[in-house]
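Notes follow once the structure below has been shown.
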Amino acid sequence: MGKSEQTLFEKLETELEKETEEELSTSGEGWRYMRRVRIAIIAATTFCVTLFFPLNRSLYQQLSIGAEWQQESLIAETNFPIYKPKVQYEKDVQAAREQTVPVFVPSAEGEAVLLGLKSIEQSIISGEAADPAQMQRVTGFSAENLARLFALPEARRDKKVLHLVERCAALQTMVYKQGFIDIALSVLKGQEIIVRRSATVEEVLPVSQLYDSASYRTAFEQMLRQDFDDLERALASDLLPKLTHQNISFSPAFTEVARRLAAESVPKTLGMVRRGETIIAKGETLSAMALNKLRSSEFTRFLYYSEYQSLGSFAANLLHAALIYSLLLVYLYIIRKRLFYDNAQLAGLSAAFVASGFLSWLVSIIQSPLPLQYFVMIPALSMLIAIVYDSRTTSIATIAMALLSAAIRGRDYEIALAMVVAGTFAGYTVRDLRSRTQLFKSISFIILGYSAAAAMFALKYSTPIGILGLQISFAALSAVLSPIFTFGVLYLLERMFNITSDLRLLEYDNVNHPLLVELNEKAPGTYQHTLMVARLAESAALAIDANPILVKVGALFHDIGKVRKAEYFVENQINIANKHDKIAPHKSAAIIRQHVQEGLQLATFYKLPQRIIDFIPMHHGTMLIRYFYVKALDEAAEKSTPEKQVTVEIDDFRYLGPRPNSKETGILMLADAVEAVSHVIDTNDRDELEEAIDKIFEERFADKQLEECDLTMREMAVIRESFVKNLLGTGHQRVKYKPIPKDEKDGKEKEEEHHRDEVGDAAE
């Protein structure tokens with residue numbers, strides 16, 4: 001019998017059952033605990049994440065030149081072409097377009113210019129346009145120059161006109177023969193152009209012989225400087241606007257056709273791989289050609305099965321996303337049931353999972369040689385989860401998010417490992433967050449995690465030091481941004497959704513809070529009890545890896561309702577009679593029970609977070625107010641007669657609850673009772689202390705108060721030991737000195753009086 005009393009926790013283990021799915025599913029009101037809402041969250045998360053998986057993503061997308069092929073040698077199963085990389089093909093196409101010879105077409109303006117010169121000659125020599133105004137219109141000469149010309153003798157005038165027209169026509173003919181184009185020569189990048197004379201005739205002209213407006217003007221001015229007099233130069237200058245008309249015009253339409261044909265003629269392949277040929281051997285260093293062969297072989301397989309590939313890829317991606325997501329879901333269902341069945345909590349974790357998928361997709365679609373994968377911000381999401389939830393959930397969530405990122409990016413194991421390490425380190429650094437500035441110490445741990453993974457793979461694959469340095473630089477930048485991102489998102493979540501993080505809880509870990517100040521003034525005994533309970537609860541929470549900040553703050557405010565009627569509680573009855581001695585037990589129980597409701601009112605008035613308010617009713621749960629219940633039974637027995645039995649309703653002597661629904665509220669219930677009983681036992685006697693604590697634990701298990709708080713038997717044993725150690729440490733007594741005999745006492749008093757005169761107040 002004695003042995004069974006020593007195995008209390010073994011006995012209780014058989015009595016404590018895990019909460020069933022039905023109980024948890026119906027444990028709340030509204031959408032927060034509805035099964036169909038939970039199913040919708042899971043389905044929506046899986047579907048959304050699947051959309052981030054690109055269809056037909058290459059399995060070899062993330063392989064890099066210089067890496068070592070670790071898998072078995074690949075042999076070609078069939079003939080297939082070696083396709084150029086997309087970037088290379090696009091560059092080749094662009095180069096082909098840029099190198100295309102521009103196409104020009106003849107212009108009728110050239111013939112018109114030569115005919116115009118002949119008309120000017122005939123008009124002046126024949127004198128047909130004797131009218132000055134008409135002559136000016138026909139020739140283009142200014143009135144002043146015409147007057148000078150016609151002032152000359154006829155023979156001399158005709159000679160000058162003939163000389164002028166002859167020289168201009170010769171220049172124009174030469175220029176037109178070589179080609180006078182309507183665009184600047186500087187824009188022509190090639191060495192030649194094509195002149196399309198007809199549908200079947202094309203002429204190739206070298207750019208070096210062509211004229212544009214600038215070079216024609218230079219040639220014209222050179223002509224004027226040779227054997228022209230002043231009048232001839234003046235007349236020629238008047239003709240210049242009529243002469244600067246090109247005989248070859250650029251054709252955008254024909255040129256674009258030529259460019260398109262050139263682009264289409266660019267080969268898409270680099271060669272062929274024959275059946276049975278080794279694509280790449282195990283241990284071989286990846287070259288550009290080997291990488292092209294790998295990706296080409298995969299693309300060839302896709303072409304063979306293209307009619308089924310899209311649907312099959314989507315189904316595979318859906319299953320892929322579901323498997324990764326299930327890691328988190330299974331953990332929650334087995335270890336964190338309360339989170340799994342709380343739709344709000346599940347939605348928060350799922351949102352982080354989707355966010356990691358979105359960031360991975362966003363980074364993957366950006367074509368850049370820079371290591372942008374470090375900006376997926378997995379460490380930031382890990383810190384956020386660690387602050388809002390807990391460190392264990394953070395570890396599983398980090399692994400799930402890293403695997404998802406790697407899957408979306410195409411089996412990128414390297415970055416997955418780096419994200420797991422960095423994210424885990426980041427989550428660990430904020431596990432016991434004490435201030436917002438503590439977030440920034442995570443920077444060094446994130447850099448350490450990323451750098452360690454990058455250095456390991458760099459050694460394995462002989463990555464150039466420059467690339468490694470670039471990776472570490474981007475990792476450092478991500479590390480700096482992660483705490484900022486975490487802080488910003490956390491601030492928004494706290495304000496928008498009334499989320500109470502550990503950071504916000506720290507604001508209430510302050511004995512100068514108005515409620516605690518009032519508690520100390522009006523109920524000093526309760527205040528001291530509160531401080532001791534907070535110490536016991538915090539130590540127990542640390543021992544089982546629960547949330548010490550939450551349980552400590554909850555303990556500080558759990559009894560604030562006692563400020564209303566402090567004198568009715570025994571810890572405050574100092575040098576006063578017990579007021580319950582003069583009132584009925586029913587009324588006493590009502591007063592005692594009322595402190596919970598009054599505490600809830602005060603907490604609501606002071607706008608305490610709900611996570612703190614929950615501790616007020618849950619620290620008593622639905623426990624029986626045993627003392628007054630027994631007293632009521634005794635009084636009922638005295639008043640009962642054979643004719644009339646006086647009954648006592650047990651529910652009148654129970655707290656209204658609810659029962660503790662978390663490890664933290666369960667710890668507080670136990671700590672509250674243990675601290676109270678420590679005042680009526682000898683806390684220096686370990687056996688007596690353990691017996692009293694075991695009785696408290698047993699009573700609450702027997703009353704089913706701890707069924708909803710997820711405390712395991714092992715954790716209960718750890719909590720018990722923590723209580724024992726703390727109370728043994730505070731329950732020590734000072735040495736009791738023997739009284740001094742009267743004769744010796746008189747001498748001692750005189751001696752002490754003399755000593756006080758010498759040292760004054762310091763002696764006190």
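Miscellaneous remarks
- Some residue of the stretch 512-524 being in contact (Cβ under 8 Å) with a residue 24 or more places away in the chain, crowded, with 24+ Cβ neighbours inside 10 Å and either among the hydrophobic types (A, V, I, L, M, F, W, C) or under 30 Å from residue 456 (Cβ atoms) (or both): yes
- Flag if residue 161 is of a type in the set (Val, Ile, Thr) and either at pLDDT 75 or above or not assigned by TED's automatic domain parsing to the domain that holds residue 231 (or both): yes
Here is a yes/no grid of residues against (1) closer than 19 Å to residue 515 by Cα; (2) outside the structural domain of residue 704 (by TED's automatic domain parsing); (3) crowded, with 20+ Cβ neighbours inside 10 Å:
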| residue | (1), (2), (3) |
| --- | --- |
| 549 | yes, no, yes |
| 571 | yes, no, no |
| 599 | yes, no, yes |
| 610 | yes, no, no |
| 628 | no, no, yes |
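- Taken as a whole, the stretch 347-366 holds at least one residue that is under 22 Å from residue 709 (Cβ atoms), in a helix (DSSP H, G or I) and not acidic (Asp, Glu).
- Filtered by the rule that a residue be modelled with pLDDT of 75 or more, under 16 Å from residue 380 (Cβ atoms) and surrounded by 20 or more Cβ atoms within 10 Å (Cβ to Cβ), the stretch 425-463 gives 425, 426, 427, 429, 430, 442, 443, 445, 446, 447, 449, 450.
- Neighbours by Cβ (under 6 Å, 6+ apart or cross-chain): first from the stretch 379-403, not assigned by TED's automatic domain parsing to the domain that holds residue 547 and modelled with pLDDT of 85 or more; second outside any helix (DSSP H, G or I) and hydrophobic (A, V, I, L, M, F, W, C): 383/430; 386/430
- Any chance residue 536 is farther than 23 Å from residue 394 by Cβ, in a helix (DSSP H, G or I) and under 36 Å from the mean Cα position of the chain (by Cα): no
- Tally, over the stretch 172-194, of residues that are surrounded by 18 or more Cβ atoms within 10 Å (Cβ to Cβ) and either over 24 Å from residue 232 (Cα atoms) or in contact with a Phe, Trp or Tyr (Cβ under 7 Å, 6 or more places away or on another chain) (or both): 6
- Filtering 475, 537, 543, 479 for residues that are touching a residue at least 12 places away in the same chain (Cβ under 8 Å), among the hydrophobic types (A, V, I, L, M, F, W, C) and surrounded by fewer than 22 Cβ atoms within 10 Å (Cβ to Cβ) leaves a single hit, 543.
- Among residues that are crowded, with 22+ Cβ neighbours inside 10 Å, in contact with an Asp or Glu (Cβ under 9 Å, 6 or more places away or on another chain) and assigned to a helix (DSSP H, G or I), residue 380 is not included.
- Looking across the stretch 570-598, the residues that are in a loop (DSSP other than H, G, I, E, B) and either in contact with a His (Cβ under 7 Å, 6 or more places away or on another chain) or modelled with pLDDT of 85 or more (or both) come down to 583, 584.
- Among the residues making up the stretch 633-691, those that are without any contact (Cβ under 8 Å) to a residue 40 or more places away in the chain, more than 25 Å from residue 544 (Cβ to Cβ) and assigned to a helix (DSSP H, G or I) are 633, 634, 636, 637, 638, 639, 650, 651.
- A search for C-beta distances below 7 Å between a residue of the stretch 359-371 that is farther than 20 Å from residue 451 by Cβ and touching a residue at least 12 places away in the same chain (Cβ under 8 Å) and any residue that is among the hydroxyl-bearing types (Ser, Thr, Tyr) and assigned to a helix (DSSP H, G or I), counting only pairs 6+ apart in sequence or on different chains, returns 360/405.
- Selection count, the stretch 260-274, where residues are touching a helix residue (DSSP H, G or I) at 6+ places or on another chain (Cβ under 7 Å), within 14 Å of residue 98 (Cβ to Cβ) and outside any loop (DSSP other than H, G, I, E, B): 2
- Residue within the stretch 701-717 that is in contact with a Phe, Trp or Tyr (Cβ under 8 Å, 6 or more places away or on another chain) and farther than 22 Å from residue 336 by Cα present: no
- Within the stretch 632-665, considering residues that are β-branched (Val, Ile, Thr) and closer than 30 Å to residue 554 by Cβ, the one surrounded by the fewest Cβ atoms within 10 Å (Cβ to Cβ): 650
The values are calculated or read from the model by the stated rules, or taken from the named source; none is laboratory data. Keep in mind that what you see is a predicted model, and the values were worked out from it rather than measured. Note that we place each Cβ from the backbone using ideal geometry, even for glycine, and neighbour counts take in every protein chain shown.
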